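Below is one structure, written out as structure tokens, with a few remarks after it.
What follows is calculated from the coordinates using simple rules that are stated; it is not laboratory data. Just so it is clear, the model here is predicted, and its values are computed rather than measured. FYI the Cβ positions are ideal-geometry reconstructions off the backbone, even for glycines, and counts take in every protein chain you see.
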Amino acid sequence: MKKILLYVFPVGGAAVLYLWYFDNTTGGAFFAGKAGLVLAFGRLAGIMAALGVMGQLLLISRARWLEPLFGLDRLTRFHHLAGLIIPLALLAHPPLVVWSHALRTGNGFLAQYLTVLGWEGALPAACGGLLIITAVILSLPFARRRLSYEAWHSAHLGAYLGLAFSIGHQFGLGGDLSSEPPYFARIWYALYAFVLANLAWGRVLKPLWLYRANKFVVEKIVPETTEAESIWITGRGMASVPAEAGQFALLRFWAPGFRTQAHPFSVSRPPDGRYLRFTIKKSGDFTSAVHNSLKPGTPVIIDGPHGVFTEKKCLGDKALLIAGGIGITPLRALGESLLSSGKDCVLLYANRAQKDIVFRRELAELEQEGGFRVHHVLSGEPDWQGEKGRIDAGMIKRLVPDFAERDAFLCGPPPMVAAVSAALTGLGVSRTRIHSELFSL
Ligand SMILES: Cc1cc2nc3c(=O)[nH]c(=O)nc-3n(C[C@H](O)[C@H](O)[C@H](O)COP(=O)(O)OP(=O)(O)OC[C@H]3O[C@@H](n4cnc5c(N)ncnc54)[C@H](O)[C@@H]3O)c2cc1C
């Protein structure tokens with residue numbers, strides 16, 4: 001079933017592109033002079049833009065048939081990349097259509113533009129296009145760096161509004177949509193229904209349905225360090241929540257000041273059928289508010305679990321876990337679950353100082369079980385008797401001489417993950433054996 005769903009959008013998209021070609025060759029737009037040709041390509045740009053936007057929505061729909069295949073972080077990265085190309089079609093569509101009509105009527109381009117804006121649904125569509133382009137511009141690295149997550153997120157919500165504004169003109173004016181027999185229109189409606197159903201289910205209905213079934217609630221909050229604390233969540237049917245060590249979920253605490261935001265956090269101990277534990281470090285507004293004012297008894301809407309950073313990636317008998325700071329959360333859980341599957345684990349855990357080490361006691365307990373070694377690496381404590389500095393190729397070779405026999409799991413600040421990943425590939429470890437979780441979507 002999952003495989004069939006995977007083909008629905010590409011096959012549907014290819015079918016409408018074929019029908020565009022078929023309609024324009026048999027209907028003659030290709031042969032109706034320059035104006036016909038320009039109109040056909042103007043419509044093609046519109047079709048491509050709409051397909052692109054639908055594809056983008058599917059990528060971030062969190063659909064269960066799609067996400068486990070690639071992982072939410074990869075799908076999100078692909079969504080970011082595709083978001084740079086799709087606007088080209090969106091930008092090309094209006095001028096091509098206006099130009100074709102200007103060629104027919106003999107009007108100037110600007111006068112024709114104003115006329116077209118008066119057509120059914122064209123003005124809202126132009127506004128919708130602007131909202132989508134704005135979201136794209138604000139997602140470009142130079143703008144994204146300067147914006148808070150919330151501002152960037154609001155711009156994305158604006159893009160949804162933009163899509164809603166633009167749908168009307170597709171049905172009101174779309175030449176291919178009104179072609180007979182109505183195959184194009186049927187496939188088009190079906191594609192929209194497919195995408196919107198996946199989006200609504202994955203992002204809204206499923207988390208609400210999960211909440212209704214489980215009534216998730218914060219049971220206790222346990223400080224781990226001065227900056228990090230663990231939130232223990234329980235509920236009615238925890239055993240049926242399909243979470244695995246290494247996965248994450250988006251948590252929305254249902255209390256004043258928290259309701260409007262859902263943030264991703266990794267499960268920090270293997271789910272035991274009674275609790276899901278998440279460990280949260282203060283890093284901005286939301287996480288500080290969690291530390292300052294979240295109370296036991298708060299209901300939680302859980303969107304997840306997500307992610308493919310799990311034990312299934314470990315194909316051999318040995319694993320090398322490398323964590324930086326709060327990046328320990330998925331690795332702490334993964335380490336325990338790998339250990340219970342009889343795999344040998346070495347953990348290199350980088351922090352600035354001893355006070356920053358999260359789960360120090362729990363990691364020592366895992367070490368005592370055997371088959372689990374921990375090396376704490378500190379970069380900002382000169383008197384530390386253990387490993388000092390940054391994790392690099394030399395340190396990996398020295399501390400883990402059998403690194404080549406291990407699947408590597410990395411999680412930490414993106415620059416650290418990039419540097420350690422490069423060190424491992426430099427040491428000859430195949431990229432297929434290096435798995436990483438980035439704390440950014
Ligand atoms: C897959 C994943 C797993 C994570 N696991 C943990 C964990 O176990 N423990 C932990 O302490 N942190 C974890 N994080 C990081 C955590 O989500 C962010 O630190 C937190 O969302 C920051 O929110 P803020 O408002 O406090 O800080 P801000 O200063 O507002 O945000 C800091 C940065 O966090 C990111 N961010 C903020 N809000 C969101 C959001 N709603 N969705 C996605 N990214 C956001 C943005 O890149 C932003 O620039 C994880 C992140 C991801 C993507």
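How many of the residues making up segment 379-396 are assigned to a loop (DSSP other than H, G, I, E, B), small (Gly, Ala, Ser) and surrounded by fewer than 15 Cβ atoms within 10 Å (Cβ to Cβ)? Spell out how you get there, then give the answer.
First, pick out the residues of segment 379-396 that are assigned to a loop (DSSP other than H, G, I, E, B): 379-386, 389-392.
Checking the rest, the ones that are also small (Gly, Ala, Ser) come to 379-380, 386, 389.
Still in the running and surrounded by fewer than 15 Cβ atoms within 10 Å (Cβ to Cβ): 380, 386, 389.
Matching residues across segment 379-396 total 3.
Restricting the search to segment 178-224, which residues are part of a loop (DSSP other than H, G, I, E, B) and surrounded by 18 or more Cβ atoms within 10 Å (Cβ to Cβ)? Spell out the reasoning first.
Going residue by residue through segment 178-224, those that are part of a loop (DSSP other than H, G, I, E, B) are 178-182, 215-216, 224.
Result: SER179, PHE216, GLU224.
Restricting to segment 225-259, name every residue that is more than 16 Å from PHE286 (Cβ to Cβ), over 20 Å from the mean Cα position of the chain (by Cα) and either in contact (Cβ under 8 Å) with a residue 40 or more places away in the chain or buried (at least 23 other Cβ atoms within 10 Å of the Cβ) (or both). Can you show your working first?
Here is the first cut: in segment 225-259, the ones more than 16 Å from PHE286 (Cβ to Cβ) are 225-226, 230, 232-247.
With the extra rule that they be over 20 Å from the mean Cα position of the chain (by Cα), the set shrinks to 225-226, 230, 232-241.
Listed by number, the residues that qualify are THR225, THR226, SER230, TRP232, ILE233, THR234, VAL241.
For residues that are touching a Lys or Arg at 6+ places or on another chain (Cβ under 9 Å) and not in a loop (DSSP other than H, G, I, E, B), scanning just segment 421-437, find the one that is nearest to the ligand (Cβ to nearest atom). Spell out how you get there, then give the answer.
Here is the first cut: in segment 421-437, the ones touching a Lys or Arg at 6+ places or on another chain (Cβ under 9 Å) are 421, 424-425, 427, 429, 433, 435.
Remaining after also requiring not in a loop (DSSP other than H, G, I, E, B): 421, 424-425, 433, 435.
Numbers: SER421: 17, LEU424: 21, THR425: 22, ARG433: 21, HIS435: 13 Å.
Top of the filtered list is HIS435.
Scan segment 297-310 and give yes if some residue there is part of a helix (DSSP H, G or I) and not hydroxyl-bearing (Ser, Thr, Tyr), otherwise no.
Taking segment 297-310 first, the residues part of a helix (DSSP H, G or I) are none.
Looking through segment 297-310, none of the residues is part of a helix (DSSP H, G or I) and not hydroxyl-bearing (Ser, Thr, Tyr).
Consider ARG361 carefully, then state whether it is among the basic types (Lys, Arg) and within 14 Å of the ligand (Cβ to nearest atom).
Details: among the basic types (Lys, Arg): yes; within 14 Å of the ligand (Cβ to nearest atom): no.
Answer is no for this residue.
Of the residues that sit in segment 271-296 and are assigned to a loop (DSSP other than H, G, I, E, B) and touching a Lys or Arg at 6+ places or on another chain (Cβ under 9 Å), which one is farthest from SER340 (Cα to Cα)? Full working, then the answer.
Keep residues of segment 271-296 that are assigned to a loop (DSSP other than H, G, I, E, B), which gives 271-275, 282-284, 294-296.
After this cut, where a residue has to be touching a Lys or Arg at 6+ places or on another chain (Cβ under 9 Å) as well, the list is 271, 275, 296.
On the way: PRO271: 13, TYR275: 18, PRO296: 31 Å.
Among those residues, the one meeting the criterion is PRO296.
Residue pairs, Cβ under 6 Å, 6 or more apart or interchain, first in segment 288-310 and free of Cβ contacts under 8 Å to residues at least 12 places away in the same chain, second within 11 Å of the ligand (Cβ to nearest atom). List them.
SER288/LYS282
Tell me, please, whether a residue that is among the β-branched types (Val, Ile, Thr), without any contact (Cβ under 8 Å) to a residue 40 or more places away in the chain and farther than 19 Å from GLU229 by Cβ can be found in segment 367-374. If you could, list the steps in order and put the result at the bottom.
Step one: of segment 367-374, the residues among the β-branched types (Val, Ile, Thr) are 374.
Among the residues that remain, those that are also without any contact (Cβ under 8 Å) to a residue 40 or more places away in the chain are: 374.
When the remaining residues are screened for being farther than 19 Å from GLU229 by Cβ, the result is 374.
Taking every residue of segment 367-374 in turn, at least one turns out to be among the β-branched types (Val, Ile, Thr), without any contact (Cβ under 8 Å) to a residue 40 or more places away in the chain and farther than 19 Å from GLU229 by Cβ.
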